[in-house]
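What follows is calculated from the coordinates using simple rules that are stated; it is not laboratory data. Computed from a predicted model, the values in this text were never measured in an experiment. Note that each Cβ is placed from the backbone with ideal geometry, even for glycine, and that neighbours are counted across all protein chains shown.
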Amino acid sequence: MRRLIYLLLALVILASCSQQEKADILIKGGTIYTVDEKQPSVEAVAVKGNKIIAVGTAADLEKFIGDKTDVIDLQGRVMTPGFIEGHAHIMGVGYNELNLDLMDVKSYDEMVARVREAAAKAQPGQWILGRGWHQDKWDVKPEKMVKGFQTHQLLSEASPNNPVFLRHASGHAAIANAKAMEIAGVNQLSKEALSQTSQDGGEIIRDELGNPTGIFNERAMTLIAAKIPENTAETDRQALELAIKACWRNGITSFHDAGAGKENLELFKAFQREGKLGVRLYPMLTGFDLDLVYEYFKNGPIIDSTHFLSIRSVKLNCDGALGSRGAWLLEPYTDRPDFSGMATYSMDTVLKVSRLALNSGFQVCAHAIGDRANQEILNRFEQAFKENPAKANNHRFRMEHAQHLNPNDINRFAALGVIPAMQAIHMSSDRPWAIDRLGEKRIKEGAYMWQSLLNSGAKIVNGTDAPVEPLAPIPSFYASVSRMTLKGEPAGGYEPEQKMTRAQALRSYTLDAAYGEFAEQVKGSIEVGKLADFTVFSKDIMTVPDMEILTAEVMMTIVDGKVVYKK
């Protein structure tokens, strides 16, 4: 009788295993990098539903193929865990496709020409909006510049009847034409009022006669932005849909949204309810709306069991950017000795929010580009941690950008457990002119210090800061390992000792990026039990020569076990 019972049990177990071992998808036929130290590469992956159920050799995984299994042949291509965009602006990505995209303009004249063309098509009084220009990347500089920026006159002539507002690539400055300034009443501001704007964390740049040049730095941008008609619910939806598709085209399966207000959060929730989100979204509450922040602190984190929309972080915009000379420095700018940038957020509020966040189970993500901003915020973080050690053991507070550091602060990141969320593509785009802002000594000792941070034990979260830079992760991965511009300059890279290895760069875009949102147990590597999010590239980005990385294309994107994009 006992032998019969054992036999029946064995048959039941065998039948059960037989049913469980059939995969919905089996992927093979190429190199698969897992970002799992125990098994760095495999030949095949089996997926059931939205989870990985097996990894290993193609021969071993044959048993998972059933009548209904979709077998995907990589045809020699390369697959990695789904890339995670560690710091970008999803609505900005979407609206960049709806408005003027100025990332590729090579001169002020070219930008003016695009505005003239848009004005010819616009309705009377319609606002012309855009983003992406960067005066330090232009091939030809305008004849007239004030404090390193162009003036509005040509823009005003190109669009005399339509207000124009074009944001700098960094998002930390903008240019307005005369019509926009007239609507905002800026032309009537006195010198005293203009000076007051500077004291409030913003700057209206003026010429030698005190007239506004059209350039609005940091919080001064709100003078114009407040007059722009609000986006409609319909255009918001359209922008989010476009952004999700852009993520798929670029192999992005998860997205850290760096600063979301109430309306955008409600839109994200609606898309999730409707099953339209399509990308795993990790939005940071905007610190500019403290009522919203405190409301979420009171109610506690939202941890989504489907891992598509979790809300447990807040973004504090604490200084500006190097491009607009708004980054807050310990010493003045080399190319503007009268100016050291500015704090755009109260350090007392940083400390207050940090204390409350720890108690509420929220993560603080502080935008800090300049060395003084980084130092001041690290000081506030450290104070909050010391006051509440019980809640600070797994805080994962982040420094967004951490672009320029005082050498004495580099090791503090790992010591305090603060994550530097750095966008490698900024080094490639900015380094040629950033040396004019900081000088050689500060650049070499404290700018884009990836390897120094990694060696100290810090985890780096990579990304693009789109739409500041294009969303594509390939150029940022390339910059991480080469430290060269997209033109391949200089040979060997800028400060080559700070290059990431290929393995470090891949990890910064996958497993460590997942760590940056408390999700390393469910995604970021190809392991049994984790979510089936994958990116397939046309070339082996882990082995090809540096310049060849830039020619790699995203061939397929898989999110939640579903193929959402094929090239």
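Data overview
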item: The stretch 38-48 - phi-based ³J(HN,Hα) in whole Hz, Karplus 6.51/-1.76/1.60, Gly and Pro as x; result: 6, 8, x, 9, 9, 9, 8, 9, 10, 10, 10
item: Check: the stretch 28-149 dipole with +1 on Lys, Arg Cβ and -1 on Asp, Glu Cβ, in debye; result: 380 debye
item: FRET efficiency for residue 71 and residue 486, using Cβ-Cβ distance with R0 set to 45 Å, rounded to 0.05; result: 0.75
item: Cleavage-rule hits, trypsin sites (Lys or Arg not before Pro), the stretch 483-518, DSSP coil, Cβ neighbours within 10 Å at most 15; result: 487
item: Computed FRET value (nearest 0.05) for residue 182 with residue 433, which takes r as the C-beta separation and R₀ as 30 Å; result: 0.40
item: Dipole magnitude of the stretch 107-225 about its Cα centre (Cβ charges: Lys, Arg +1; Asp, Glu -1), debye to nearest 20; result: 260 debye
item: Axial C-alpha extent at least 15 Å, average Kyte-Doolittle at least 0.0 - helices from the chain (DSSP); result: 2-20, 347-360
item: Loop sites in the stretch 280-346: trypsin sites (Lys or Arg not before Pro), DSSP, at most 13 other Cβ within 10 Å; result: none
item: Sorted largest first, extent of the stretch 107-225 alpha carbons per principal axis (Å); result: 38, 33, 25
item: Extension gain from residue 233 to residue 38, taking 0.36 nm per residue of separation minus the Cα-Cα distance; result: 65.4 nm
item: The stretch 287-354 and the stretch 240-271: distance between their alpha carbon centers, rounded to Å; result: 20 Å
item: Total formal charge among the other residues, if their Cβ is under 12 angstrom from that of residue 440, Lys/Arg +1 and Asp/Glu -1; result: +2
item: Stokes-Einstein D in µm²/s, Kirkwood radius over Cα pairs - the chain at 10 °C with 1.306 mPa s viscosity; result: 64 µm²/s
item: Label point distance in nm, residue 120-residue 338, each placed 7 Å from Cα along Cα→Cβ; result: 4.1 nm
item: Residue range of the chain that is longest and free of GluC sites (Glu not before Pro) which are both DSSP loop and sparsely packed (at most 16 other C-beta within 10 Å); result: 275-552
item: Unit charges at the beta carbon, dipole of the chain: most positive-side option, 329, 134, 260; result: 260
item: Environment charge of residue 500, counting only residues whose C-beta is closer than 13 Å and scoring Lys/Arg +1, Asp/Glu -1; result: +1
item: Net charge of neighbours whose Cβ lies under 14 Å from the Cβ of residue 404, counting Lys and Arg as +1 and Asp and Glu as -1; result: -4
item: Linear extension gain, residue 157 paired with residue 548, 0.36 nm per residue minus alpha-carbon span; result: 136.4 nm
item: Förster radius 25 Å - calculated FRET efficiency between residue 302 and residue 521, Cβ distance, rounded to 0.05; result: 0.90
item: Signed unit charges on C-beta, dipole axis of the stretch 107-225, positive-most listed residue 122, 213, 183; result: 122
item: Chain lengthening between residue 269 and residue 379 when straightened (0.36 nm per residue, less Cα-Cα); result: 36.1 nm
item: The stretch 226-294: radius of gyration over Cα atoms, expressed as a fraction of 2.2 N^0.38 Å; result: 1.16
item: Positive-end residue, the chain charge dipole about Cα centroid, Cβ charges, pick of 484, 150, 384; result: 384
item: Residues of the stretch 344-379 with amide N under 18 Å of the 7 Å Cα→Cβ point at residue 441; result: 371-372
